[in-house]
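Asks: Here you go, one structure.
The values are calculated or read from the model by the stated rules, or taken from the named source; none is laboratory data. Because the structure is a prediction, the values reported are computed rather than measured. Reconstructed Cβ throughout: ideal geometry from the backbone, glycine too, with neighbour counts over all protein chains shown.
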Amino acid sequence: MAFVVVYDACVLYPAPLRDMLLRIARSGIVRARWSEEILDEVFDNLRKNRPELSPTSLLRTRQLVCDAVPDCLVANFSGLADHLNLPDVRDRHVVAAAIRCSAQTIVTFNLKDFPESVLSPFGIEAIHPDDFVLDTLHLAPLAVASIVSQQAAALRSPPVSLPHLLDTLRACGLEQSVAKIHAMLGTSL
């Protein structure tokens, strides 16, 4: 069975990274989970930072995110959050969701907000999305390479080439992963 990961809001915020992570989850390499609270963070920030996006479009995107991965939403964890001591109390819900769904990993850019001393008693680790994608590349290299190729092919408005998508993913923080994918696919950096 695939290991369980919780995607933090910061990795679901950038659309190219979100798309890739959802595709990885759909492939079955991992079982990705998140909560309504995590999605609230994502879409509150999108509303604030991207006022040109209509509320209808954002609501549709939120629904598509949930529809993309069956049984993705974690619920009934609020009581757990009260007992967690994190550097930022606003992150307690993420750890509580991870505990509730027995996740092994929280995928986040904000590693300092999820100290090992708090996570390890629950068998959870926080991992940067670049390291996470590298791990999936080790587990299923052909599947991940195919995922990235399919993601590029699916982008039509405007069309995006595979090298351009890889450049975008590198800009999203996936430097090592993109280098490995380039090497696998024989494309140049």
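Residue-by-condition table, conditions (1) over 22 Å from residue 171 (Cβ atoms); (2) in a loop (DSSP other than H, G, I, E, B):
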{"site": "19", "(1), (2)": "no, no"}
{"site": "42", "(1), (2)": "no, no"}
{"site": "62", "(1), (2)": "yes, no"}
{"site": "85", "(1), (2)": "yes, yes"}
{"site": "91", "(1), (2)": "yes, no"}
{"site": "99", "(1), (2)": "yes, no"}
{"site": "103", "(1), (2)": "yes, yes"}
{"site": "109", "(1), (2)": "no, yes"}
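Asks: In this structure, is residue 77 in the same structural domain as residue 17 (by TED's automatic domain parsing) and touching a residue at least 40 places away in the same chain (Cβ under 8 Å)?
Replies: Yes: the conditions hold for residue 77.
Asks: Got at least one residue in the stretch 42-61 being closer than 23 Å to residue 125 by Cα, buried (at least 18 other Cβ atoms within 10 Å of the Cβ) and among the hydrophobic types (A, V, I, L, M, F, W, C)?
Replies: Yes, the stretch 42-61 contains a residue that is closer than 23 Å to residue 125 by Cα, buried (at least 18 other Cβ atoms within 10 Å of the Cβ) and among the hydrophobic types (A, V, I, L, M, F, W, C).
Asks: Given the options 174, 155, name the one that is free of Cβ contacts under 8 Å to residues at least 12 places away in the same chain, in contact with a helix residue (DSSP H, G or I) (Cβ under 9 Å, 6 or more places away or on another chain) and within 18 Å of residue 18 (Cβ to Cβ).
Replies: Testing whether each residue is free of Cβ contacts under 8 Å to residues at least 12 places away in the same chain, in contact with a helix residue (DSSP H, G or I) (Cβ under 9 Å, 6 or more places away or on another chain) and within 18 Å of residue 18 (Cβ to Cβ) leaves just 155.
Asks: Name the single residue, out of those in the stretch 63-105 being surrounded by fewer than 14 Cβ atoms within 10 Å (Cβ to Cβ) and aliphatic (A, V, I, L, M), that is farthest from residue 24 (Cα to Cα).
Replies: Across the stretch 63-105, the extreme among qualifying residues is 89.
Asks: What residue, of 15, 25, 32, 9, is among the small types (Gly, Ala, Ser) and without any contact (Cβ under 8 Å) to a residue 12 or more places away in the chain?
Replies: 15
Asks: Now a separate question. Of the residues 103, 98, 81, which single one is more than 30 Å from residue 153 (Cα to Cα) and at pLDDT below 95?
Replies: Only one candidate qualifies: 81.
Asks: Provide a single number: the residues in the stretch 143-162 that are more than 26 Å from residue 6 (Cβ to Cβ) and either of a type in the set (S, T, N, Q) or surrounded by fewer than 15 Cβ atoms within 10 Å (Cβ to Cβ) (or both).
Replies: So the count comes out to 7.
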